Amino acid sequence: MKQRYDIAVIGGGGGGFAAAWTAARLGASVVLIEKADRLGGNAVRGGVHSWEAVAGATGVPQDLYDQLRPIPGAVGVSSYGRHFLWQDPDRDSDYFPGGEMVIDPTRSYADTLRRCGTRGLAHDEARCREQWHGVVFEPDAMASAMRRVLKETGRVTLKLNTAFAGVEHDDGRVRAVQLDNGRRITAGAFIDGTADGLLCLAAGCGAHIGREARSVFNEPAAPEAGDNHVNGATLIFRVTPTDRPGVEPLPDGVPAECWWRPAFPLVSMFHYPNGDRNLNMLPTMEGREWMALGYRAALAESRRRVAAYWRYLQTHYEEFQHYRMRWVAPALGVRESRRIVCEYMLTQHDLLQGLSRQKHDDIIAIADHSMDTHGNQAQRCGELAEPYGIPLRCLIPRGFTNLYVACRAAGFSSIAASSCRLTRTMMQLGQAAAAKACGVPVEALHVGTRFQA
Ligand SMILES: Cc1cc2nc3c(=O)[nH]c(=O)nc-3n(C[C@H](O)[C@H](O)[C@H](O)COP(=O)(O)OP(=O)(O)OC[C@H]3O[C@@H](n4cnc5c(N)ncnc54)[C@H](O)[C@@H]3O)c2cc1C
């Protein structure tokens with residue numbers, strides 16, 4: 001492995017992968033450092049094997065989708081099946097305790113590029129059914145495709161099972177990063193795709209955690225006083241059909257009842273192309289709770305809750321007795337942690353103004369996911385009327401000239417982060433950060449253009 005590259009990317013989740021691929025396609029030499037044994041981050045190891053509807057998801061994610069499409073069973077487009085808000089538990093014998101997305105062969109990738117403009121699930125069933133579509137994928141196929149396309153560029157050195165461990169910086173420039181194997185890497189520019197902003201934090205960048213007080217950004221939905229609430233975390237699991245129906249036994253020491261909240265949470269479920277189901281509890285753990293426990297203890301406790309939750313589903317909803325547990329995600333799905341102080345902080349004002357009223361001249365991506373938090377502190381700020389733009393400055397940590405943050409730790413307020421965090425939006429950030437780091441002028445940076453008004 002050589003020690004000097006044009007671009008060094010730390011973290012190979014959605015944002016980091018997209019940054020590495022984009023930089024290599026632009027001709028740069030790239031090193032991508034990933035601490036896990038595979039690429040994809042939360043969207044692979046965290047079990048989020050779906051891309052929700054969102055505007056602007058062209059470029060890298062669409063190219064990846066095109067890579068997966070010829071592989072049998074690797075990917076599909078989904079539409080709404082059942083939703084508890086559209087059903088009556090007393091009337092509907094197939095009542096579902098949450099929301100369900102099913103594979104819909106009549107839909108295409110272009111149909112997944114819009115969320116905004118509805119009044120939400122509770123008030124707009126017909127429009128949500130017509131408008132909200134996602135992509136579901138097999139994680140092994142996704143991780144392999146990511147690896148393959150990087151290799152095909154001939155310009156990416158990929159180091160899996162290798163963690164970033166330290167940074168050298170001066171005068172607002174990162175000079176080198178140290179790895180946990182003792183190596184030192186230098187590069188012209190560095191991109192932080194670690195999801196938690198670890199490279200930026202090590203370089204001394206400021207960060208926000210929890211909800212900002214209203215006085216910080218004057219956001220209408222912000223609390224008067226700031227606090228340490230973060231979005232809830234979920235341990236996702238997958239079940240597979242069985243021809244021997246029944247209720248699976250609870251592991252020793254796991255109570256059957258819900259011991260961590262008043263009642264078992266709702267579930268967001270989607271169908272894989274092979275008929276398996278992916279289940280996402282909303283949520284498994286309050287944000288504050290997992291932060292207080294620490295990651296390892298939170299993951300262990302979440303495994304117990306998954307077992308109890310699966311027991312609950314199987315005993316209360318007969319359809320689940322026709323499935324057995326196949327896989328529990330090896331990584332806890334963390335929706336929010338630190339957000340780095342950047343040249344510009346995206347806020348609820350941007351989300352509410354939308355593209356038609358935002359004044360920025362450096363917008364490099366668009367998005368339109370709702371303001372969406374899970375857990376007791378849920379701020380139901382709702383759906384958006386139109387897509388909003390994300391300025392390039394949200395990716396540039398304040399005070400640095402060759403460091404970018406292209407992951408969920410980018411320059412977002414807590415409320416903006418609850419909307420901006422989708423996997424494909426992270427890919428847009430990675431794409432833009434890499435292009436900028438490669439010298440592409442801001443006017444030429446990709447802005448998702450496939451929003452269908
Ligand atoms: C439960 C849940 C459900 C979600 N549902 C959806 C959904 O339906 N649709 C959707 O689009 N989005 C969804 N999201 C959001 C989305 O999955 C994430 O926000 C997004 O994938 C984050 O991408 P990222 O690139 O910021 O980080 P990640 O994907 O987390 O990638 C960070 C990478 O950095 C690596 N890393 C960390 N530290 C180091 C280090 N020291 N050295 C080297 N590498 C390091 C990690 O191993 C990881 O691979 C969901 C999120 C959660 C938690």
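The values are calculated or read from the model by the stated rules, or taken from the named source; none is laboratory data. All values reported here derive from a predicted model rather than from experimental measurement. All Cβ positions, even for glycine, are placed from backbone atoms using ideal geometry, and neighbour counts span all protein chains on display.
Return the residue satisfying two criteria in turn: it lies in the range 323-341 and is in contact with a Lys or Arg (Cβ under 6 Å, 6 or more places away or on another chain) and not small (Gly, Ala, Ser), and of such residues it is nearest to Ile390 (Cα to Cα).
That would be Val341.
For residues in the range 258-282 being at pLDDT 95 or above and of a type in the set (D, E, K, R), which is surrounded by the most Cβ atoms within 10 Å (Cβ to Cβ)?
Result: Arg277.
Return the pair list, or none, for Cβ contacts closer than 8 Å from residues in the range 119-138 that are assigned by TED's automatic domain parsing to the domain that holds Met269 and over 28 Å from Gln67 (Cβ atoms) to residues that are modelled with pLDDT under 95 and within 16 Å of the ligand (Cβ to nearest atom), at least 6 apart or on different chains.
No pair meets every condition.
Under 6 Å between Cβ atoms, which residue pairs at least 6 apart in sequence (or on different chains) link something in the range 394-420 that is within 18 Å of Ile364 (Cα to Cα) and assigned by TED's automatic domain parsing to the domain that holds Gly172 with a partner that is among the hydroxyl-bearing types (Ser, Thr, Tyr) and surrounded by 24 or more Cβ atoms within 10 Å (Cβ to Cβ)?
Leu395/Tyr404
Count, please, the residues in the range 179-195 that happen to be buried (at least 19 other Cβ atoms within 10 Å of the Cβ) and either touching a Lys or Arg at 6+ places or on another chain (Cβ under 8 Å) or β-branched (Val, Ile, Thr) (or both). Don't jump to the end; show me each part of the working.
So in the range 179-195, the residues buried (at least 19 other Cβ atoms within 10 Å of the Cβ) come out as 179, 185, 187, 189-195.
Of the ones still in play, those that are also either touching a Lys or Arg at 6+ places or on another chain (Cβ under 8 Å) or β-branched (Val, Ile, Thr) (or both) are 179, 185, 187, 191, 194-195.
Going through the range 179-195 one residue at a time, the tally reaches 6.
Would you point out which residue out of Ile191, Ile185 is part of a strand (DSSP E or B), within 15 Å of the ligand (Cβ to nearest atom) and under 25 Å from the mean Cα position of the chain (by Cα)?
Details: Ile185 fails: under 25 Å from the mean Cα position of the chain (by Cα).
Being part of a strand (DSSP E or B), within 15 Å of the ligand (Cβ to nearest atom) and under 25 Å from the mean Cα position of the chain (by Cα) holds for just one of Ile191, Ile185, which is Ile191.
Being aliphatic (A, V, I, L, M) and surrounded by fewer than 22 Cβ atoms within 10 Å (Cβ to Cβ) is the filter here, so list the residues in the range 318-362 that pass it. Before the answer, list the steps.
Step one: of the range 318-362, the residues aliphatic (A, V, I, L, M) are 325, 328-329, 331-332, 334, 340-341, 345-346, 351-352, 355.
Those that are aliphatic (A, V, I, L, M) and surrounded by fewer than 22 Cβ atoms within 10 Å (Cβ to Cβ): Met325, Val328, Ala331, Val341, Leu352, Leu355.
Being outside any helix (DSSP H, G or I) and touching a helix residue (DSSP H, G or I) at 6+ places or on another chain (Cβ under 7 Å) is the filter; apply it to the range 18-39 and report the residue that is farthest from the ligand (Cβ to nearest atom). Break it down stepwise before answering.
Step one: filter the range 18-39 for residues outside any helix (DSSP H, G or I), giving 26-39.
Filter once more, so that each one left must be touching a helix residue (DSSP H, G or I) at 6+ places or on another chain (Cβ under 7 Å): 26, 30, 32, 38-39.
Values: Leu26: 19, Val30: 14, Leu32: 9, Arg38: 8, Leu39: 7 Å.
Applying the filter and picking the extreme gives Leu26.
Taking the residues in the range 159-174 that are among the aliphatic types (A, V, I, L, M) and buried (at least 20 other Cβ atoms within 10 Å of the Cβ) as candidates, determine which candidate is farthest from the ligand (Cβ to nearest atom). Full working, then the answer.
Applying the first criterion (among the aliphatic types (A, V, I, L, M)) to the range 159-174 yields 160, 163, 165, 167, 174.
Checking which are buried (at least 20 other Cβ atoms within 10 Å of the Cβ) leaves us with 167, 174.
On the way: Val167: 11, Val174: 15 Å.
Across the range 159-174, the extreme among qualifying residues is Val174.
Exactly one of these conditions fails for Arg311: (1) over 28 Å from Cys407 (Cβ atoms); (2) surrounded by 21 or more Cβ atoms within 10 Å (Cβ to Cβ); (3) touching a strand residue (DSSP E or B) at 6+ places or on another chain (Cβ under 6 Å); (4) not aliphatic (A, V, I, L, M). Give me its number.
(3)
Kindly list the number of the only condition in (1) within 19 Å of Cys438 (Cβ to Cβ); (2) of a type in the set (Gly, Ala, Ser); (3) in a loop (DSSP other than H, G, I, E, B) that fails for Gly15.
Among (1) within 19 Å of Cys438 (Cβ to Cβ); (2) of a type in the set (Gly, Ala, Ser); (3) in a loop (DSSP other than H, G, I, E, B), Gly15 violates only (3).
So, Ala409, is that one more than 28 Å from Thr186 (Cα to Cα), touching a Gly at 6+ places or on another chain (Cβ under 6 Å), part of a loop (DSSP other than H, G, I, E, B) and modelled with pLDDT of 95 or more or not? Even if it seems obvious, please write down each step before you answer.
Values: more than 28 Å from Thr186 (Cα to Cα): no; touching a Gly at 6+ places or on another chain (Cβ under 6 Å): yes; part of a loop (DSSP other than H, G, I, E, B): yes; modelled with pLDDT of 95 or more: yes.
So Ala409 fails the test.
Within the range 40-60, how many residues are farther than 14 Å from Glu138 by Cβ, near the ligand (Cβ under 8 Å from one of its atoms) and hydrophobic (A, V, I, L, M, F, W, C)? If you could, list the steps in order and put the result at the bottom.
Of the residues in the range 40-60, the ones farther than 14 Å from Glu138 by Cβ are 41-42, 46, 52-60.
With near the ligand (Cβ under 8 Å from one of its atoms) added as a condition, the list becomes 41-42, 46, 52, 54.
Then drop every residue that is not hydrophobic (A, V, I, L, M, F, W, C), which leaves 54.
Result for the range 40-60: 1.
Run down Phe217, Phe237 and say which single residue is within 20 Å of Glu301 (Cβ to Cβ), touching a residue at least 60 places away in the same chain (Cβ under 8 Å) and under 26 Å from the mean Cα position of the chain (by Cα). Please lay out each step first, then the result.
Details: Phe217 fails: within 20 Å of Glu301 (Cβ to Cβ).
Result: Phe237 is the single residue among Phe217, Phe237 that is within 20 Å of Glu301 (Cβ to Cβ), touching a residue at least 60 places away in the same chain (Cβ under 8 Å) and under 26 Å from the mean Cα position of the chain (by Cα).
Which residue, of Arg91, Arg107, is away from the ligand (no atom under 14 Å from the Cβ) and either within 20 Å of Tyr272 (Cα to Cα) or of a type in the set (Ser, Thr, Tyr) (or both)?
It is Arg107.
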